[in-house]
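Right, one structure below, let's go through it.
The values are calculated or read from the model by the stated rules, or taken from the named source; none is laboratory data. From a predicted model like this one, the values you see are computed outputs, not experimental measurements. Virtual Cβ from ideal backbone geometry, glycine too; neighbours counted across all protein chains shown. Heads up: the accessible areas ignore ligands, DNA and RNA and are worked out on the full protein's heavy atoms, side chains in. Shrake-Rupley method; radii C 1.70, N 1.55, O 1.52, S 1.80 Å.
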Protein chains: 2
Amino acid sequence: MKLGQATIKDIARELNVSSSTVSRALKDYPGISDETKRKVKELADKLNYRPNAVALSLRKSKSFTIGVIIPEVVHFFFSTVISGIEEVAFANGYNVILCQTNEKLSREQSSIETMLSNQIDGFLVSFSRETTDFTHFKKLLDLGFPIVFFDRMPDLENTVNVTVNDYQGAYDAVNHLVEQGYKKIAHLSGPQNLAISKKRKEGYLDALKNAGIKPRPDWIIECPFGTEKESYDITSKLFSNSVDLPDAIFAHHDIVAAGAMMALKNLGLRIPEDVGIVGYSNWQFSSMIDPPLSTVSQPGFKIGEQSSKLLLEMINIKKDQSWDSKNIVLDTELLVRKSSVRI
Amino acid sequence: MKLGQATIKDIARELNVSSSTVSRALKDYPGISDETKRKVKELADKLNYRPNAVALSLRKSKSFTIGVIIPEVVHFFFSTVISGIEEVAFANGYNVILCQTNEKLSREQSSIETMLSNQIDGFLVSFSRETTDFTHFKKLLDLGFPIVFFDRMPDLENTVNVTVNDYQGAYDAVNHLVEQGYKKIAHLSGPQNLAISKKRKEGYLDALKNAGIKPRPDWIIECPFGTEKESYDITSKLFSNSVDLPDAIFAHHDIVAAGAMMALKNLGLRIPEDVGIVGYSNWQFSSMIDPPLSTVSQPGFKIGEQSSKLLLEMINIKKDQSWDSKNIVLDTELLVRKSSVRI
DNA sequence: TTTCCTACTGCAAACGATTGCGGCGACGTT
DNA sequence: AACGTCGCCGCAATCGTTTGCAGTAGGAAA
């Protein structure tokens, strides 16, 4: 009524036929005369008829909508992922409904609830930092509800995940530092309940090991919040010890790296001469800071594309058989900039 | 069926009452015995009953969903806007469905179509760069469909818009440079077919005028692409003249400012001692570069909040009366950092 | 003329929830 | 004993669309 949108009934009334006929005529069903089809289509066109997707959803219990759950839209990485998701979804006639959790578990749960009551066809999720218990996902998965996890992998069996090779990215980054002659490499790590943080740490450790460098536990510092400020403080403290200082930092993401850089500059240390530094994720700003920050680039757009492709496949086979669990791992790329090149 | 979600009918059958009774019991309608209410609620709880939002949408022709149309998610500014929108919408029980146009008009139109057929309650739009003809919006507005335009204002009458005061932001920035003792202020402007670019240039000119400084046309240079590289080249050229050099730059956005800074450093000029610089938009990196860049911050999050607040109001009065056209202009904020402070 | 196709079209139920209206039993009142 | 009232609940329509089944008319075959 609000829009006075024409319905099938309107067309039927006007043409003195039944709604069934109109419905069938519009979809070129056999058993409708060409004459009727023509008239129906003409009128539909004239009235600017547009099928009511809500009624369709109700009828078919399928909404052609997928729900995306991410920690924060404003993270450059996630916005590129969204972009990829949106692209594929749109091309396949699906809508994207979006919820950000702000890294809160409670928000994650309530988002899932409301999306479910909207008869979402499937979920694409990168769960919050607070999420350590996955039963809310497990329940859905057991019912055969399609979910693809991206970027962050849950501690569950038989899930479909799209991630990047965090281990390799970290390994490459640290290895690069080693090749540049840095030997005392510290690691500003992420929260250890996130698999990605763990992987990056492993890559770091293995690269050191491979270079015959023994890791120092006091040079592996967790930055749970991942803010610039936090990293600034931690780095300042780390380098306030005047005896034995690291000569390089591998940060688990670029903001942390940026905070560290500020701290180093503030202490009068030169980058990359005194301290080399590599970040992670290739944020937009990373090439513009001084010196430009070396970083590991994650293919956000591709992650989005891949995830939604997989999800759409899962949605469309759900006759009765289930799908195989899958782990798609996309490659990272090391972008070497000035912050880590001293040779 | 997919989820085996319990419906009102299931509860009714189990309890040997009618669906009407269940519905009313769940909503604490009068005229239902406490006993029945108790039993219904208990069972609903046990079955994990969740109302089917799609059925509700159909019944009430209201979907509690708003559609957001933006050029690109990956622009930091837009992602902050989305964040603000999301926040308000979620708090009011609304969902956000998202479409990006990639600055294409055709995409904008088709997005609107599909969203409409999903019985969207209203639109929040920042239209594409290609959009010069607004009839597709006009049609909806004439039908009384709620639309709020943000950031970009359409050439239509009686619309509700939320924008920022670009003129004032530029004026403040340049005025700040003047107060810091800079007298020879150049402007790296944006493409002059965009309203925002023009406004910023006007603010620049008026601030100069007000300070009694005569603008020099050769110090107002357009950066049509707005890339860092472009700005680097332009700035290098501008400062290669050894006779009469500007002592400050007002850039139409931060990426351009960053490029200029790189060029200045490369020429051995000190910031802010030799050249002061102010950018626009407060990109994420602006506080992290060296020296931290003074900039004009646009309240993206607030824009999002305001826009969706307005939209929700419009959605909820639509009994029959229309709403007033409105132009909310949000203030920018000058963030003074080191790049422009020499006193 | 009767029978049987065939080509069209309509009826009605269904998806899940809401809601105006009416039914029905129990009780109080006169 | 008759009537009114009140508390509790169910019927059925509705939102827009789809779809299995049944119905009708016309022509062709017997």
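Worth a mention:
- Protein heavy-atom accessible area occluded, B/A pair - total, 1.4 Å probe, Å²: 5400 Å²
- Note on region A:8-51: dipole from Cβ charges, positive end direction compared against A:I32, A:L15, A:P51; the farthest Cα belongs to A:P51.
- Using a probe of 1.4 Å on the protein chains alone, the accessible area found for A:Y232 is around 70 Å².
- Within region A:117-250, antiparallel bridges make up roughly 0 percent of the DSSP beta bridges whose residues both belong there.
- Hypothetical label at A:S23: residues of region A:56-75 whose amide nitrogen lies under 20 Å (7 Å Cα-Cβ projection): A:56-64
- Positive minus negative residues near A:S231 (Lys, Arg vs Asp, Glu; Cβ under 12 Å): -3
- Of the residues in region B:245-271, those shielded by at least 40 Å² of accessible area once partner protein chains are present, compared with the chain alone at a 1.4 Å probe, are B:M262.
- For the pair A:K60 and A:E42, label points projected 7 Å from Cα toward Cβ lie 2.9 nm apart.
- Converting the Cα gyration tensor eigenvalues of region B:85-241 into ellipsoid dimensions via √(5λ) gives semi-axes, longest first, of 39, 18, 15 Å.
- Cα shape, region B:156-234, gyration tensor, a/c 1.5 rule: oblate
- Separation in nanometres of the label points that stand 7 Å from Cα toward Cβ, at A:D155 and B:I220: 6.2 nm
- Copy-to-copy label separations for A:L47, where each label sits 7 Å from Cα toward Cβ, in nm and ascending: 3.6
- Total charge dipole magnitude, chain A, about the Cα centre, Cβ charges on Lys, Arg, Asp, Glu only, Debye to nearest 20: 920 debye
- Backbone N within region B:79-116 under 20 Å of label point (7 Å from B:K326 Cα along the Cβ vector): B:81-96
- Label-to-label distance, nm, for residues given as A:K229 and B:R13 (7 Å Cα→Cβ offset): 5.6 nm
- Here the sum of -39500 (n - 2.57) over DSSP H runs of 4 or more residues, divided by the residues of the protein assembly as shown, equals -13500 deg cm²/dmol at 222 nm, to the nearest 500.
- Among B:L208, B:L267, B:L330: highest mean-square fluctuation, GNM of chain B, C-alpha pairs under 10 Å: B:L267
- Normalised Debye scattering of region A:8-51 at q = 0.15, 0.18, 0.34 Å⁻¹ gives log10 I(q)/I(0) of -0.27, -0.39, -1.43, counting only Cα atoms as equal scatterers and leaving out solvent.
- Across the identical copies, how the A:P291 labels are spaced - nm, sorted shortest first, 7 Å along Cα→Cβ: 2.3
- Per the Debye calculation on region A:226-343 with a single equal scatterer at every Cα and no solvent contribution, log₁₀ I(q)/I(0) for q = 0.10, 0.14 Å⁻¹ amounts to -0.42, -0.64.
- For a straight C-alpha distance cut-off of 23 angstrom, the lysines reachable from A:K209 (same-chain residues fewer than eight places away being disregarded) are A:K183, A:K184, A:K198, A:K199, A:K201.
- Averaged over B:108-118, number of beta-carbon atoms from partner chains that fall within 10 Å: 3
- The fraction of Cα-Cα pairs per 20 angstrom bin, counted from 0 for chain A, comes to 27, 42, 21, 9, 1 percent, rounded to whole percents.
- Relative to the Cα centre, the charge distribution of the protein assembly as shown, modelled as +1 at Lys and Arg Cβ and -1 at Asp and Glu Cβ, gives a dipole magnitude of about 1600 debye.
- 7 Å along Cα→Cβ, label-point gaps from B:P191 to other copies, nm, shortest first: 4.1
- Of all accessible heavy-atom area on region B:8-51, the percent that carbon and sulfur account for (1.4 Å): 45 percent
- Simple rule: put +1 on each Lys or Arg Cβ and -1 on each Asp or Glu Cβ in the protein assembly as shown, find the dipole, and look at B:P154, B:L264, B:H75; the Cα lying farthest toward the positive end is B:P154.
- Under the combined filter of DSSP loop state and at most 10 neighbouring Cβ atoms within 10 Å, region B:232-325 retains these GluC sites (Glu not before Pro): B:E273.
- Two numbers describe the Cα atoms of the protein assembly as shown: Rg and Dmax, which are 28.6, 94 Å.
- Above 23 Å, the calculated P(r) of region A:44-135 contains 33 percent of its Cα-Cα pairs.
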